[in-house]
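Shown next, in C-alpha coordinates, is the structure this report addresses.
The values are calculated or read from the model by the stated rules, or taken from the named source; none is laboratory data. These numbers were taken from a predicted model, which means no experiment stands behind them. Backbone-built Cβ (ideal geometry, glycine too); neighbour counts: all protein chains shown.
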Amino acid sequence: MASRDEMKVAAGAPRIVIDNVSISYATPRGRLLAVDRVSLAVDRAEFVVLVGPSGCGKSTILRAIAGLNAAESGVISVDGKRVDGPPEHIGFMFQRDTLLPWLTVRGNVEVGLELAGVAPARRPARLADLLALLRLSEFHDAYPAQLSGGMRHRVSLGRMLAYQPAVMLMDEPFGALDFQTKAAMGRELLRIWETERRSILFVTHDIEEAVALADRVLVFSPRPARIVAEHRIDLPRPRNLRRLRTDPAFTAYTSAIWEALGDGDPVTA
Amino acid sequence: MTEPAASDEMIPPGGPGSEKPIASGNSLSVWLWRTGLIVALLLVWEFSAGNLFNEFWSSRPSLIGERLLALFANGEIWRHLGATVSEALLGLLLGALAGTPIGIALAKYRRAAEIVDPFVMGLYGLPRVALAPMFILWFGISLLAKVMMSFSMVVFVFILNVTEGIRTVDPDMVDLMRTMRAPKSYVLRKVTIPSIVPWLLASFRIGVGLSLVGAVVGELIGANRGLGWYVLRAGGQLDTTGVFTGLFVLMLVAMIANQIIFLIERQVLHWRPATR
(Lines give C-alpha, C1' and ligand atoms only; values in the text may rest on other atoms or scores of the structure.)
Protein backbone atom coordinates (compact mmCIF):
# COMPACT_ATOMS: atom_id res chain seq x y z
CA MET A 1 0.00 0.00 0.00
CA ALA A 2 2.73 2.47 -0.90
CA SER A 3 1.29 5.88 -1.49
CA ARG A 4 0.98 6.63 -5.14
CA ASP A 5 2.79 9.92 -5.16
CA GLU A 6 5.81 8.93 -3.13
CA MET A 7 8.03 10.19 -5.94
CA LYS A 8 6.42 13.53 -6.60
CA VAL A 9 8.00 15.53 -3.83
CA ALA A 10 11.66 15.56 -2.94
CA ALA A 11 12.27 13.37 0.08
CA GLY A 12 12.52 15.47 3.19
CA ALA A 13 10.17 18.18 1.96
CA PRO A 14 7.23 18.53 4.35
CA ARG A 15 3.95 16.99 3.24
CA ILE A 16 1.79 19.78 4.67
CA VAL A 17 2.89 23.37 5.08
CA ILE A 18 0.74 26.00 6.76
CA ASP A 19 2.20 29.46 6.61
CA ASN A 20 0.82 32.31 8.69
CA VAL A 21 -2.80 31.23 8.22
CA SER A 22 -5.78 33.07 9.69
CA ILE A 23 -9.38 31.93 9.33
CA SER A 24 -12.56 33.57 10.55
CA TYR A 25 -16.22 32.70 10.45
CA ALA A 26 -19.25 34.77 9.66
CA THR A 27 -21.61 34.62 12.63
CA PRO A 28 -24.84 36.50 13.26
CA ARG A 29 -22.84 38.86 15.49
CA GLY A 30 -20.13 39.60 12.94
CA ARG A 31 -16.90 37.86 12.04
CA LEU A 32 -15.28 35.59 14.55
CA LEU A 33 -11.56 34.88 14.35
CA ALA A 34 -11.06 31.14 14.73
CA VAL A 35 -7.42 30.71 13.70
CA ASP A 36 -4.83 33.41 14.29
CA ARG A 37 -1.66 33.42 12.18
CA VAL A 38 -0.77 29.75 12.60
CA SER A 39 2.26 28.22 10.93
CA LEU A 40 3.15 24.55 11.03
CA ALA A 41 4.58 21.78 8.89
CA VAL A 42 4.01 18.05 8.85
CA ASP A 43 6.70 15.79 7.42
CA ARG A 44 5.94 12.74 5.36
CA ALA A 45 5.36 9.80 7.70
CA GLU A 46 5.06 12.09 10.67
CA PHE A 47 2.32 11.77 13.29
CA VAL A 48 1.44 15.24 14.54
CA VAL A 49 -1.25 15.82 17.14
CA LEU A 50 -2.97 19.13 17.78
CA VAL A 51 -4.29 19.57 21.31
CA GLY A 52 -6.20 22.45 22.71
CA PRO A 53 -9.46 23.30 24.39
CA SER A 54 -12.66 22.23 22.66
CA GLY A 55 -13.84 24.69 20.06
CA CYS A 56 -10.51 26.49 19.85
CA GLY A 57 -10.25 26.26 16.08
CA LYS A 58 -8.11 23.13 15.63
CA SER A 59 -10.84 21.53 13.54
CA THR A 60 -11.00 24.62 11.40
CA ILE A 61 -7.33 24.16 10.51
CA LEU A 62 -7.96 20.54 9.54
CA ARG A 63 -10.96 21.46 7.41
CA ALA A 64 -8.90 24.15 5.70
CA ILE A 65 -6.15 21.66 4.80
CA ALA A 66 -8.83 19.37 3.35
CA GLY A 67 -10.08 22.28 1.26
CA LEU A 68 -13.46 22.37 3.00
CA ASN A 69 -13.02 25.95 4.22
CA ALA A 70 -10.79 28.59 2.74
CA ALA A 71 -8.00 30.30 4.63
CA GLU A 72 -8.56 34.02 4.92
CA SER A 73 -4.90 34.91 4.76
CA GLY A 74 -1.71 32.92 4.56
CA VAL A 75 -0.95 29.86 2.48
CA ILE A 76 -1.72 26.19 2.95
CA SER A 77 -0.02 23.68 0.69
CA VAL A 78 -0.07 19.92 0.47
CA ASP A 79 2.76 18.22 -1.42
CA GLY A 80 3.95 21.59 -2.59
CA LYS A 81 0.59 22.47 -4.16
CA ARG A 82 -1.41 25.35 -2.84
CA VAL A 83 -4.77 24.20 -1.46
CA ASP A 84 -7.90 25.55 -3.10
CA GLY A 85 -10.53 22.86 -2.89
CA PRO A 86 -9.86 19.33 -1.65
CA PRO A 87 -6.30 18.21 -2.55
CA GLU A 88 -5.46 14.76 -3.85
CA HIS A 89 -4.78 11.81 -1.55
CA ILE A 90 -6.33 13.31 1.56
CA GLY A 91 -8.16 11.07 3.99
CA PHE A 92 -10.48 12.72 6.47
CA MET A 93 -12.11 11.32 9.58
CA PHE A 94 -14.76 13.17 11.55
CA GLN A 95 -15.66 12.66 15.17
CA ARG A 96 -18.90 11.12 13.94
CA ASP A 97 -18.38 8.01 11.88
CA THR A 98 -20.27 9.49 8.85
CA LEU A 99 -20.88 6.03 7.43
CA LEU A 100 -23.60 5.75 4.79
CA PRO A 101 -26.33 3.93 6.72
CA TRP A 102 -27.83 2.41 3.57
CA LEU A 103 -24.62 0.63 2.64
CA THR A 104 -23.16 -2.43 4.33
CA VAL A 105 -19.68 -2.47 5.84
CA ARG A 106 -18.43 -3.72 2.48
CA GLY A 107 -20.30 -1.00 0.59
CA ASN A 108 -18.94 1.73 2.84
CA VAL A 109 -15.33 0.60 2.49
CA GLU A 110 -15.85 0.23 -1.26
CA VAL A 111 -16.63 3.94 -1.44
CA GLY A 112 -12.97 4.57 -0.59
CA LEU A 113 -11.78 2.09 -3.21
CA GLU A 114 -14.06 3.52 -5.89
CA LEU A 115 -13.03 7.10 -5.23
CA ALA A 116 -9.37 6.10 -5.20
CA GLY A 117 -9.92 4.76 -8.71
CA VAL A 118 -9.01 1.17 -7.86
CA ALA A 119 -9.93 -1.01 -10.84
CA PRO A 120 -13.09 -3.07 -10.19
CA ALA A 121 -11.20 -6.32 -10.70
CA ARG A 122 -8.77 -5.46 -7.92
CA ARG A 123 -11.36 -4.28 -5.41
CA PRO A 124 -12.43 -7.62 -3.87
CA ALA A 125 -8.87 -8.51 -2.88
CA ARG A 126 -8.14 -5.06 -1.47
CA LEU A 127 -11.44 -5.12 0.38
CA ALA A 128 -10.70 -8.49 1.94
CA ASP A 129 -7.26 -7.25 3.05
CA LEU A 130 -8.68 -4.14 4.64
CA LEU A 131 -11.49 -5.94 6.43
CA ALA A 132 -8.98 -8.43 7.80
CA LEU A 133 -6.64 -5.62 8.86
CA LEU A 134 -9.45 -3.99 10.82
CA ARG A 135 -10.86 -7.30 12.11
CA LEU A 136 -14.17 -6.70 10.36
CA SER A 137 -14.24 -9.69 8.02
CA GLU A 138 -17.15 -11.37 9.78
CA PHE A 139 -19.28 -8.27 9.59
CA HIS A 140 -18.94 -7.34 5.93
CA ASP A 141 -22.66 -7.73 5.30
CA ALA A 142 -23.80 -5.80 8.38
CA TYR A 143 -25.34 -2.35 8.18
CA PRO A 144 -23.93 0.46 10.35
CA ALA A 145 -27.05 0.45 12.53
CA GLN A 146 -26.21 -3.11 13.53
CA LEU A 147 -22.67 -2.27 14.68
CA SER A 148 -21.27 -0.91 17.94
CA GLY A 149 -19.69 2.54 18.06
CA GLY A 150 -16.17 1.12 18.01
CA MET A 151 -16.91 -1.08 15.03
CA ARG A 152 -18.44 1.81 13.13
CA HIS A 153 -15.25 3.77 13.70
CA ARG A 154 -13.18 0.86 12.42
CA VAL A 155 -15.29 0.82 9.26
CA SER A 156 -14.81 4.56 8.96
CA LEU A 157 -11.05 4.08 9.32
CA GLY A 158 -11.24 1.28 6.75
CA ARG A 159 -12.98 3.54 4.27
CA MET A 160 -10.24 6.12 4.73
CA LEU A 161 -7.46 3.55 4.31
CA ALA A 162 -9.21 2.17 1.22
CA TYR A 163 -8.79 5.58 -0.34
CA GLN A 164 -5.02 5.16 0.09
CA PRO A 165 -4.44 8.65 1.43
CA ALA A 166 -0.92 10.04 1.71
CA VAL A 167 -2.18 12.39 4.41
CA MET A 168 -4.69 11.44 7.07
CA LEU A 169 -6.57 14.27 8.73
CA MET A 170 -8.37 13.07 11.83
CA ASP A 171 -10.69 15.42 13.68
CA GLU A 172 -11.21 13.99 17.17
CA PRO A 173 -11.93 10.69 15.45
CA PHE A 174 -12.35 8.73 18.69
CA GLY A 175 -13.77 11.58 20.75
CA ALA A 176 -17.28 10.14 20.89
CA LEU A 177 -16.15 6.71 22.07
CA ASP A 178 -16.03 5.38 25.63
CA PHE A 179 -12.65 5.18 27.35
CA GLN A 180 -11.88 1.53 26.56
CA THR A 181 -12.99 1.66 22.95
CA LYS A 182 -11.01 4.84 22.48
CA ALA A 183 -7.84 3.15 23.80
CA ALA A 184 -8.48 0.16 21.54
CA MET A 185 -8.92 2.41 18.50
CA GLY A 186 -5.68 4.20 19.42
CA ARG A 187 -3.81 0.90 19.49
CA GLU A 188 -5.42 -0.08 16.19
CA LEU A 189 -4.40 3.17 14.55
CA LEU A 190 -0.82 2.91 15.81
CA ARG A 191 -0.57 -0.72 14.70
CA ILE A 192 -1.64 0.25 11.18
CA TRP A 193 0.44 3.42 11.07
CA GLU A 194 3.58 1.75 12.37
CA THR A 195 3.51 -0.78 9.54
CA GLU A 196 2.63 1.77 6.87
CA ARG A 197 3.68 5.25 7.74
CA ARG A 198 1.85 8.21 6.30
CA SER A 199 1.44 11.75 7.48
CA ILE A 200 -1.19 12.09 10.14
CA LEU A 201 -2.57 15.29 11.54
CA PHE A 202 -4.73 14.33 14.48
CA VAL A 203 -6.88 16.68 16.56
CA THR A 204 -7.86 15.87 20.13
CA HIS A 205 -8.44 17.51 23.48
CA ASP A 206 -7.25 14.39 25.30
CA ILE A 207 -3.65 15.01 26.39
CA GLU A 208 -2.80 11.38 27.17
CA GLU A 209 -4.11 10.27 23.80
CA ALA A 210 -2.01 13.00 22.19
CA VAL A 211 1.25 11.97 23.85
CA ALA A 212 0.60 8.27 23.35
CA LEU A 213 0.14 8.63 19.60
CA ALA A 214 2.28 11.54 18.47
CA ASP A 215 5.76 12.18 17.16
CA ARG A 216 5.06 15.80 17.87
CA VAL A 217 2.35 17.58 19.85
CA LEU A 218 1.31 21.14 19.07
CA VAL A 219 -0.55 22.87 21.88
CA PHE A 220 -3.16 25.47 20.96
CA SER A 221 -4.59 28.37 22.90
CA PRO A 222 -8.32 28.88 23.36
CA ARG A 223 -9.96 30.60 20.38
CA PRO A 224 -8.57 32.17 18.32
CA ALA A 225 -6.22 29.25 17.88
CA ARG A 226 -2.54 30.04 18.19
CA ILE A 227 0.27 27.59 18.82
CA VAL A 228 1.49 28.11 22.39
CA ALA A 229 3.84 25.14 22.75
CA GLU A 230 5.43 22.35 20.75
CA HIS A 231 6.66 19.06 22.18
CA ARG A 232 8.61 16.42 20.32
CA ILE A 233 7.63 13.10 21.88
CA ASP A 234 10.74 10.92 21.99
CA LEU A 235 9.13 7.71 23.13
CA PRO A 236 10.31 4.57 21.36
CA ARG A 237 8.05 2.83 18.85
CA PRO A 238 6.25 0.51 18.62
CA ARG A 239 4.57 1.87 21.72
CA ASN A 240 2.72 -0.19 24.24
CA LEU A 241 -0.06 2.11 25.31
CA ARG A 242 -0.81 0.25 28.50
CA ARG A 243 2.79 0.28 29.76
CA LEU A 244 3.22 3.86 28.57
CA ARG A 245 0.82 5.24 31.18
CA THR A 246 3.20 4.49 34.03
CA ASP A 247 6.35 5.50 32.11
CA PRO A 248 7.92 8.58 33.82
CA ALA A 249 8.83 10.07 30.44
CA PHE A 250 5.18 9.80 29.38
CA THR A 251 3.91 11.51 32.51
CA ALA A 252 6.56 14.22 32.12
CA TYR A 253 5.21 14.99 28.64
CA THR A 254 1.58 15.02 29.74
CA SER A 255 2.24 17.33 32.67
CA ALA A 256 4.29 19.67 30.48
CA ILE A 257 1.38 19.87 28.06
CA TRP A 258 -1.08 20.38 30.91
CA GLU A 259 1.05 23.26 31.95
CA ALA A 260 1.17 24.76 28.45
CA LEU A 261 -2.61 24.47 28.16
CA GLY A 262 -3.12 26.02 31.57
CA ASP A 263 -1.47 29.27 30.48
CA GLY A 264 -3.76 32.14 29.64
CA ASP A 265 -7.49 31.55 29.74
CA PRO A 266 -8.86 28.74 31.85
CA VAL A 267 -9.20 25.51 29.91
CA THR A 268 -12.75 24.55 29.16
CA ALA A 269 -12.88 20.81 28.83
CA MET B 1 -41.04 26.78 4.24
CA THR B 2 -38.95 26.31 7.34
CA GLU B 3 -42.01 25.99 9.52
CA PRO B 4 -44.41 23.82 7.56
CA ALA B 5 -48.04 23.99 8.59
CA ALA B 6 -48.83 21.25 11.05
CA SER B 7 -50.81 18.80 9.04
CA ASP B 8 -51.18 15.12 8.53
CA GLU B 9 -49.60 15.60 5.14
CA MET B 10 -46.25 16.23 6.76
CA ILE B 11 -43.76 13.86 8.23
CA PRO B 12 -42.87 14.22 11.91
CA PRO B 13 -39.73 16.25 12.66
CA GLY B 14 -37.69 13.18 13.60
CA GLY B 15 -37.86 12.17 9.95
CA PRO B 16 -39.99 9.60 8.21
CA GLY B 17 -40.60 6.49 10.21
CA SER B 18 -39.93 8.20 13.53
CA GLU B 19 -43.62 8.24 14.42
CA LYS B 20 -44.80 5.60 16.81
CA PRO B 21 -46.28 2.67 14.98
CA ILE B 22 -49.97 2.40 15.77
CA ALA B 23 -49.88 -1.36 15.97
CA SER B 24 -47.11 -3.82 15.46
CA GLY B 25 -49.52 -5.93 13.40
CA ASN B 26 -47.57 -9.09 14.00
CA SER B 27 -48.82 -10.14 17.38
CA LEU B 28 -51.54 -12.75 17.41
CA SER B 29 -53.50 -11.14 20.21
CA VAL B 30 -53.76 -7.89 18.24
CA TRP B 31 -55.23 -9.79 15.33
CA LEU B 32 -57.65 -11.66 17.57
CA TRP B 33 -58.86 -8.42 19.12
CA ARG B 34 -59.25 -6.83 15.71
CA THR B 35 -61.27 -9.73 14.35
CA GLY B 36 -63.43 -9.85 17.46
CA LEU B 37 -64.11 -6.13 17.29
CA ILE B 38 -65.10 -6.26 13.62
CA VAL B 39 -67.36 -9.25 14.11
CA ALA B 40 -69.00 -7.61 17.12
CA LEU B 41 -69.58 -4.36 15.26
CA LEU B 42 -71.03 -6.15 12.24
CA LEU B 43 -73.33 -8.21 14.45
CA VAL B 44 -74.60 -5.13 16.28
CA TRP B 45 -75.16 -3.42 12.95
CA GLU B 46 -76.88 -6.43 11.43
CA PHE B 47 -79.35 -6.97 14.26
CA SER B 48 -80.06 -3.41 15.27
CA ALA B 49 -80.96 -2.42 11.72
CA GLY B 50 -84.64 -3.14 11.25
CA ASN B 51 -85.19 -3.55 15.02
CA LEU B 52 -83.86 -0.40 16.66
CA PHE B 53 -84.26 1.75 13.59
CA ASN B 54 -85.40 1.53 10.01
CA GLU B 55 -82.85 -0.30 7.92
CA PHE B 56 -83.48 2.19 5.15
CA TRP B 57 -81.08 4.56 7.00
CA SER B 58 -78.22 2.21 7.55
CA SER B 59 -78.66 -0.85 5.35
CA ARG B 60 -77.15 -3.95 6.92
CA PRO B 61 -73.97 -5.96 6.44
CA SER B 62 -75.70 -8.95 4.88
CA LEU B 63 -77.32 -6.75 2.20
CA ILE B 64 -73.98 -5.05 1.52
CA GLY B 65 -72.31 -8.45 1.18
CA GLU B 66 -74.97 -9.55 -1.27
CA ARG B 67 -74.58 -6.38 -3.34
CA LEU B 68 -70.85 -6.83 -3.38
CA LEU B 69 -71.17 -10.40 -4.65
CA ALA B 70 -73.64 -9.27 -7.28
CA LEU B 71 -71.33 -6.51 -8.48
CA PHE B 72 -68.47 -8.94 -8.79
CA ALA B 73 -70.69 -11.59 -10.40
CA ASN B 74 -71.92 -9.33 -13.18
CA GLY B 75 -68.53 -7.68 -13.53
CA GLU B 76 -69.89 -4.18 -13.09
CA ILE B 77 -67.48 -3.56 -10.22
CA TRP B 78 -64.45 -3.62 -12.51
CA ARG B 79 -65.66 -0.65 -14.50
CA HIS B 80 -65.87 1.47 -11.34
CA LEU B 81 -62.87 0.04 -9.59
CA GLY B 82 -60.75 0.35 -12.72
CA ALA B 83 -61.76 3.98 -13.24
CA THR B 84 -61.11 5.11 -9.69
CA VAL B 85 -57.88 3.19 -9.26
CA SER B 86 -56.43 4.39 -12.55
CA GLU B 87 -57.38 8.02 -11.80
CA ALA B 88 -55.81 7.85 -8.35
CA LEU B 89 -52.73 5.98 -9.53
CA LEU B 90 -52.07 8.35 -12.42
CA GLY B 91 -52.58 11.33 -10.13
CA LEU B 92 -50.21 9.84 -7.57
CA LEU B 93 -47.50 9.07 -10.12
CA LEU B 94 -47.80 12.47 -11.79
CA GLY B 95 -47.67 14.11 -8.39
CA ALA B 96 -44.48 12.22 -7.56
CA LEU B 97 -42.91 12.93 -10.95
CA ALA B 98 -43.62 16.64 -10.75
CA GLY B 99 -43.32 17.15 -7.01
CA THR B 100 -39.95 15.46 -6.52
CA PRO B 101 -37.92 17.65 -8.90
CA ILE B 102 -39.72 20.76 -7.67
CA GLY B 103 -38.88 19.75 -4.11
CA ILE B 104 -35.24 19.18 -5.05
CA ALA B 105 -35.07 22.54 -6.78
CA LEU B 106 -36.63 24.36 -3.82
CA ALA B 107 -34.11 22.78 -1.45
CA LYS B 108 -31.21 23.59 -3.75
CA TYR B 109 -32.05 27.17 -4.67
CA ARG B 110 -32.86 28.68 -1.29
CA ARG B 111 -33.30 32.16 -2.68
CA ALA B 112 -35.85 31.03 -5.23
CA ALA B 113 -37.55 28.97 -2.53
CA GLU B 114 -37.80 32.02 -0.31
CA ILE B 115 -39.41 34.00 -3.12
CA VAL B 116 -42.02 31.42 -4.10
CA ASP B 117 -42.71 30.22 -0.56
CA PRO B 118 -45.93 32.22 -0.02
CA PHE B 119 -47.27 31.05 -3.37
CA VAL B 120 -46.57 27.42 -2.63
CA MET B 121 -48.04 27.68 0.85
CA GLY B 122 -51.04 29.56 -0.50
CA LEU B 123 -51.82 26.87 -3.04
CA TYR B 124 -51.10 24.21 -0.45
CA GLY B 125 -53.51 25.83 1.99
CA LEU B 126 -56.24 26.24 -0.63
CA PRO B 127 -58.85 23.49 -0.26
CA ARG B 128 -58.19 21.90 -3.59
CA VAL B 129 -61.61 20.29 -3.57
CA ALA B 130 -62.86 23.76 -4.43
CA LEU B 131 -60.92 23.56 -7.69
CA ALA B 132 -63.02 20.65 -8.90
CA PRO B 133 -65.54 22.82 -10.81
CA MET B 134 -62.66 24.48 -12.68
CA PHE B 135 -61.13 21.14 -13.54
CA ILE B 136 -64.46 19.90 -14.91
CA LEU B 137 -64.69 23.09 -16.93
CA TRP B 138 -61.18 22.72 -18.31
CA PHE B 139 -60.92 18.97 -18.76
CA GLY B 140 -64.57 17.91 -19.06
CA ILE B 141 -65.77 14.76 -17.31
CA SER B 142 -62.85 12.88 -18.83
CA LEU B 143 -60.31 10.78 -17.01
CA LEU B 144 -57.96 13.76 -17.13
CA ALA B 145 -60.16 15.90 -14.87
CA LYS B 146 -59.99 13.32 -12.07
CA VAL B 147 -56.29 12.70 -12.61
CA MET B 148 -55.64 16.42 -12.28
CA MET B 149 -57.81 16.60 -9.17
CA SER B 150 -55.86 13.76 -7.65
CA PHE B 151 -52.56 15.30 -8.79
CA SER B 152 -53.41 18.63 -7.16
CA MET B 153 -53.95 16.83 -3.85
CA VAL B 154 -50.73 14.83 -4.01
CA VAL B 155 -48.13 17.09 -5.58
CA PHE B 156 -47.66 19.29 -2.48
CA VAL B 157 -46.95 16.28 -0.31
CA PHE B 158 -44.01 15.46 -2.54
CA ILE B 159 -42.81 19.05 -2.87
CA LEU B 160 -42.81 19.71 0.88
CA ASN B 161 -41.44 16.37 1.99
CA VAL B 162 -38.70 16.14 -0.62
CA THR B 163 -37.58 19.69 0.20
CA GLU B 164 -37.43 18.81 3.87
CA GLY B 165 -35.71 15.51 3.09
CA ILE B 166 -32.93 17.17 1.12
CA ARG B 167 -32.38 19.73 3.85
CA THR B 168 -31.77 16.94 6.31
CA VAL B 169 -28.99 15.37 4.22
CA ASP B 170 -26.03 15.08 6.60
CA PRO B 171 -23.53 17.82 5.64
CA ASP B 172 -20.66 15.82 7.17
CA MET B 173 -21.37 12.97 4.76
CA VAL B 174 -21.25 15.37 1.85
CA ASP B 175 -18.03 16.97 3.18
CA LEU B 176 -16.45 13.57 3.57
CA MET B 177 -17.25 12.78 -0.05
CA ARG B 178 -15.77 16.13 -1.05
CA THR B 179 -12.48 15.39 0.73
CA MET B 180 -12.24 12.26 -1.41
CA ARG B 181 -12.89 14.42 -4.47
CA ALA B 182 -16.08 12.55 -5.31
CA PRO B 183 -17.81 13.82 -8.47
CA LYS B 184 -21.19 15.52 -7.95
CA SER B 185 -23.01 12.65 -9.63
CA TYR B 186 -21.38 10.20 -7.20
CA VAL B 187 -22.51 12.23 -4.18
CA LEU B 188 -26.01 12.41 -5.65
CA ARG B 189 -26.11 8.65 -6.19
CA LYS B 190 -24.55 7.57 -2.90
CA VAL B 191 -25.69 10.25 -0.46
CA THR B 192 -28.47 12.56 -1.65
CA ILE B 193 -30.83 10.11 -3.32
CA PRO B 194 -30.64 7.42 -0.62
CA SER B 195 -31.25 10.14 1.99
CA ILE B 196 -34.51 11.20 0.38
CA VAL B 197 -35.83 7.72 -0.36
CA PRO B 198 -37.46 7.38 3.08
CA TRP B 199 -39.13 10.76 2.57
CA LEU B 200 -40.33 9.70 -0.88
CA LEU B 201 -41.79 6.49 0.46
CA ALA B 202 -43.50 8.34 3.29
CA SER B 203 -44.90 10.74 0.68
CA PHE B 204 -46.32 7.80 -1.23
CA ARG B 205 -47.85 6.45 1.95
CA ILE B 206 -49.59 9.76 2.62
CA GLY B 207 -50.28 10.35 -1.08
CA VAL B 208 -52.20 7.09 -1.58
CA GLY B 209 -55.08 8.28 0.59
CA LEU B 210 -55.06 11.79 -0.84
CA SER B 211 -55.00 10.60 -4.44
CA LEU B 212 -58.12 8.54 -3.76
CA VAL B 213 -59.77 11.59 -2.23
CA GLY B 214 -58.91 13.55 -5.38
CA ALA B 215 -60.28 10.87 -7.68
CA VAL B 216 -63.52 10.47 -5.73
CA VAL B 217 -64.08 14.22 -5.45
CA GLY B 218 -63.61 14.47 -9.21
CA GLU B 219 -66.17 11.74 -9.70
CA LEU B 220 -68.66 13.36 -7.34
CA ILE B 221 -68.60 16.52 -9.44
CA GLY B 222 -68.95 14.97 -12.83
CA ALA B 223 -68.48 11.42 -14.06
CA ASN B 224 -70.24 8.44 -15.50
CA ARG B 225 -68.30 5.74 -13.74
CA GLY B 226 -66.03 5.13 -10.77
CA LEU B 227 -66.58 4.28 -7.13
CA GLY B 228 -67.28 7.92 -6.20
CA TRP B 229 -69.83 8.12 -8.94
CA TYR B 230 -71.36 4.81 -7.80
CA VAL B 231 -71.73 6.16 -4.26
CA LEU B 232 -73.21 9.41 -5.53
CA ARG B 233 -75.69 7.68 -7.78
CA ALA B 234 -76.73 5.21 -5.06
CA GLY B 235 -77.23 8.13 -2.69
CA GLY B 236 -79.38 9.92 -5.26
CA GLN B 237 -81.58 6.83 -5.51
CA LEU B 238 -81.79 6.54 -1.71
CA ASP B 239 -80.01 3.21 -2.06
CA THR B 240 -78.07 3.07 1.25
CA THR B 241 -76.83 -0.43 0.52
CA GLY B 242 -75.24 0.88 -2.64
CA VAL B 243 -73.61 3.78 -0.78
CA PHE B 244 -72.12 1.52 1.86
CA THR B 245 -70.98 -0.98 -0.74
CA GLY B 246 -69.11 1.74 -2.62
CA LEU B 247 -67.57 3.05 0.61
CA PHE B 248 -66.50 -0.43 1.59
CA VAL B 249 -64.73 -1.02 -1.72
CA LEU B 250 -63.00 2.37 -1.43
CA MET B 251 -61.79 1.50 2.04
CA LEU B 252 -60.52 -1.84 0.80
CA VAL B 253 -58.60 -0.13 -2.02
CA ALA B 254 -56.95 2.28 0.43
CA MET B 255 -55.99 -0.52 2.79
CA ILE B 256 -54.48 -2.65 0.05
CA ALA B 257 -52.55 0.32 -1.34
CA ASN B 258 -51.21 1.10 2.13
CA GLN B 259 -50.13 -2.46 2.59
CA ILE B 260 -48.29 -2.40 -0.75
CA ILE B 261 -46.43 0.76 0.27
CA PHE B 262 -45.62 -0.81 3.62
CA LEU B 263 -44.11 -3.88 1.93
CA ILE B 264 -42.07 -1.71 -0.44
CA GLU B 265 -40.81 0.35 2.49
CA ARG B 266 -39.73 -2.74 4.32
CA GLN B 267 -37.89 -3.97 1.23
CA VAL B 268 -36.17 -0.71 0.38
CA LEU B 269 -35.40 0.51 3.90
CA HIS B 270 -34.11 -2.78 5.25
CA TRP B 271 -30.92 -0.97 6.34
CA ARG B 272 -32.78 0.93 8.99
CA PRO B 273 -32.95 -0.27 12.56
CA ALA B 274 -36.37 -1.83 13.10
CA THR B 275 -38.76 1.05 13.65
CA ARG B 276 -41.94 -0.90 13.58
_Count - residues of the stretch A:160-179 that are among the charged types (D, E, K, R) and within 12 Å of chain B (Cβ to nearest Cβ)_ = 1
*Can you tell me how many residues in the stretch B:162-187 are at pLDDT 90 or above, more than 12 Å from chain A (Cβ to nearest Cβ) and under 20 Å from residue B:203 (Cβ atoms)?*
5
_Going through B:232, B:227, B:247 one at a time, which residue ends up being under 25 Å from residue B:142 (Cα atoms), in contact with a helix residue (DSSP H, G or I) (Cβ under 8 Å, 6 or more places away or on another chain) and surrounded by 21 or more Cβ atoms within 10 Å (Cβ to Cβ)?_
B:227
*Would you point out which residue out of A:126, A:122 is free of Cβ contacts under 8 Å to residues at least 12 places away in the same chain and surrounded by fewer than 21 Cβ atoms within 10 Å (Cβ to Cβ)?*
A:122
*With the checklist (1) in contact with a Leu (Cβ under 9 Å, 6 or more places away or on another chain); (2) away from chain B (no Cβ under 14 Å); (3) assigned to a loop (DSSP other than H, G, I, E, B); (4) not β-branched (Val, Ile, Thr) in hand, flag the one item residue A:22 doesn't pass.*
(3)
_Among the numbered criteria (1) more than 22 Å from residue B:160 (Cα to Cα); (2) surrounded by fewer than 17 Cβ atoms within 10 Å (Cβ to Cβ); (3) under 22 Å from the mean Cα position of the chain (by Cα); (4) among the small types (Gly, Ala, Ser), which one does residue B:132 miss?_
(2)
_Residue list for the stretch A:84-114, restricted to those being among the hydrophobic types (A, V, I, L, M, F, W, C), under 20 Å from residue A:145 (Cβ atoms) and more than 9 Å from chain B (Cβ to nearest Cβ)_ = A:105, A:109
*Could you please give the count of residues in the stretch A:40-68 that are in contact (Cβ under 8 Å) with a residue 60 or more places away in the chain and either acidic (Asp, Glu) or in a strand (DSSP E or B) (or both)?*
9
*Tell me which residues, restricted to the stretch A:98-139, are β-branched (Val, Ile, Thr) and touching a helix residue (DSSP H, G or I) at 6+ places or on another chain (Cβ under 8 Å).*
A:98, A:105, A:109, A:111, A:118
*Quick check: anything in the stretch B:181-201 out of contact with any strand residue (DSSP E or B) (no Cβ under 9 Å at 6 or more places or on another chain), farther than 25 Å from residue B:140 by Cβ, of a type outside the set (Phe, Trp, Tyr) and outside any helix (DSSP H, G or I)?*
yes
*When residue A:152 is evaluated against the numbered criteria (1) over 17 Å from the mean Cα position of the chain (by Cα); (2) in a helix (DSSP H, G or I), which criterion, by number, is the only one it fails?*
(1)
